[in-house]
1. Looking at region 284-297, is at least one residue at positive phi and either exposed (fewer than 15 other Cβ atoms within 10 Å of the Cβ) or in a helix (DSSP H, G or I) (or both)?
2. Read through the list (1) part of a helix (DSSP H, G or I); (2) crowded, with 19+ Cβ neighbours inside 10 Å; (3) not hydroxyl-bearing (S, T, Y), then give the number of the only condition that D234 fails.
3. Of all the residues that make up region 46-94, how many are more than 14 Å from the ligand (Cβ to nearest atom) and part of a loop (DSSP other than H, G, I, E, B)?
4. Within region 1-56, how many residues turn out to be within 18 Å of G144 (Cα to Cα) and of a type in the set (A, V, I, L, M, F, W, C)?
5. When the residues of region 72-121 are filtered to those that are surrounded by fewer than 16 Cβ atoms within 10 Å (Cβ to Cβ) and among the basic types (K, R), which remaining residue is farthest from I267 (Cα to Cα)?
6. Out of everything in region 115-159 that is in contact with a Phe, Trp or Tyr (Cβ under 8 Å, 6 or more places away or on another chain), within 16 Å of the ligand (Cβ to nearest atom) and hydrophobic (A, V, I, L, M, F, W, C), what residue ends up being nearest to N88 (Cα to Cα)?
7. Out of everything in region 160-169 that is under 12 Å from the mean Cα position of the chain (by Cα) and surrounded by 23 or more Cβ atoms within 10 Å (Cβ to Cβ), what residue ends up being nearest to the ligand (Cβ to nearest atom)?
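A short reminder: the numbers here are calculations on the coordinates, not readings from a lab. Small disclaimer: the values here were computed from a predicted structure and weren't measured. Cβ atoms come from the backbone with ideal geometry, glycine included; neighbour counts cover every protein chain shown.
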Amino acid sequence: KLSVNATDYYEEARAKTAEFINAGDSRRIIFTSGTTQSINLVAYSYGRKFINRGDHIVISNIEHHANIIPWQVLCREIGAELKVIPVNDRGELIMDEYKKILCEKTKLVSVCHISNALGSVNPVKEITELARESGGDTKVLIDGAQAAPHMKIDVRDIDCDFYAFSAHKMYGPTGLGVLFGKMEILESMPPYVTGGEMINYVTINKTEFAAPPARFEAGTPPIAQVIGLGSAIDYINGVGKDKIQLYEKELLDYATQLLLEIEGLKIIGAAKDKASIISFVLEQAHPHDVGTVLDAEGVSIRAGHHCAQPTMDRFNVPATTRASFSFYNTFEELDKLAAGIHEVIRIFD
Ligand code: PLP
């Protein structure tokens with residue numbers, strides 16, 4: 001009875017996750033260890049079966065390393081080519097360049113919904129529509145790690161083939177990720193990891209694999225984490241994504257205004273459609289020094305390359321300081337951020 005209860009709670013959370021992104025059917029939801037593993041699952045399983053020598057894989061210039069390296073490794077291994085959508089100085093994808101890259105050799109497009117380093121919100125629906133017109137059998141993966149907590153997600157409206165995100169970025173537990181996939185594509189894919197829980201039957205010589213999602217969930221499942229994700233989804237739904245989006249936009253506008261007034265501060269990333277993060281560099285101090293001083297002031301930000309070194313290269317900076325805002329932040333906290341930056345300038349100027 002206890003184990004049946006645990007399974008029921010686990011599957012209930014899968015159904016909630018499916019509803020959270022409008023997947024339509026909970027069998028399209030695979031639990032992984034994070035966005036990184038979700039992307040690797042596609043690269044290893046779909047990529048090694050369906051992508052061949054000479055094919056193209058398209059990413060953008062503002063991806064997290066988790067959405068670069070699996071494709072680099074795949075390309076090197078099978079002789080495929082990695083194509084990169086460039087971005088303009090505001091950090092927006094140059095769609096005309098994307099259209100030029102697409103061709104009948106394009107087998108996969110994998111881009112982020114929101115850039116973790118700049119906050120740019122990519123036009124993922126348009127990206128998917130254009131991919132469908134490429135002339136090839138092009139699949140689309142959206143890395144939604146940063147979008148899941150901040151905006152409404154509708155994978156059927158986007159019409160993407162895969163969508164990946166992490167529980168810990170949406171107030172849930174660490175060590176858990178999600179991969180959405182269209183059913184017929186998941187059914188065509190071989191397992192990525194094998195072992196218990198992912199089979200119909202096993203003899204000593206051969207195995208019949210289970211249908212998705214079980215086929216991709218070998219081993220004891222992350223039961224506690226998945227149930228925790230279900231609670232995080234209840235929590236977010238309780239606050240309301242519409243409310244979250246509106247309030248975070250107000251925070252972003254207020255903070256942008258405050259920071260633009262600071263002499264020597266340059267904001268990196270000014271996309272028209274932007275999520276609630278501000279990446280910046282200061283003439284007067286290195287991002288790590290900014291981070292240290294702000295930390296002492298009780299303001300938590302992140303300094304570094306944000307696992308997005310090609311993005312840093314594009315903007316000719318080794319690192320940035322990044323302030324990320326969520327619906328639990330207040331305008332007073334943004335005043336404190338600005339005051340902290342003035343303190344950095346006082347110290348280093
Ligand atoms: N993609 C983006 C846009 C991210 O921001 C992150 C994490 O910061 C990842 C992928 C990787 O997520 P995880 O470390 O949860 O696998």
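1. Within region 284-297, the subset at positive phi is none.
Within region 284-297 (the criterion being at positive phi and either exposed (fewer than 15 other Cβ atoms within 10 Å of the Cβ) or in a helix (DSSP H, G or I) (or both)), the answer is no, since none of the residues qualifies.
2. Against the list (1) part of a helix (DSSP H, G or I); (2) crowded, with 19+ Cβ neighbours inside 10 Å; (3) not hydroxyl-bearing (S, T, Y), D234 comes up short only on (2).
3. Final tally of qualifying residues: 13.
4. Qualifying residue count, region 1-56: 11.
5. So the residue we want is R76.
6. Ranking the candidates gives I127 first.
7. Just the residues of region 160-169 that are under 12 Å from the mean Cα position of the chain (by Cα), to begin with: 162-169.
Cutting the leftovers down to surrounded by 23 or more Cβ atoms within 10 Å (Cβ to Cβ) gives us 162-167.
On the way: F162: 13, Y163: 12, A164: 7, F165: 8, S166: 3, A167: 8 Å.
Of everything passing the filter in region 160-169, S166 is nearest to the ligand (Cβ to nearest atom).
One line per residue, one yes/no per condition, for (1) β-branched (V, I, T); (2) farther than 21 Å from S45 by Cβ:
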residue	(1), (2)
C160	no, no
A167	no, yes
T174	yes, yes
K182	no, no
T194	yes, no
K206	no, no
F209	no, no
R215	no, no
G219	no, no
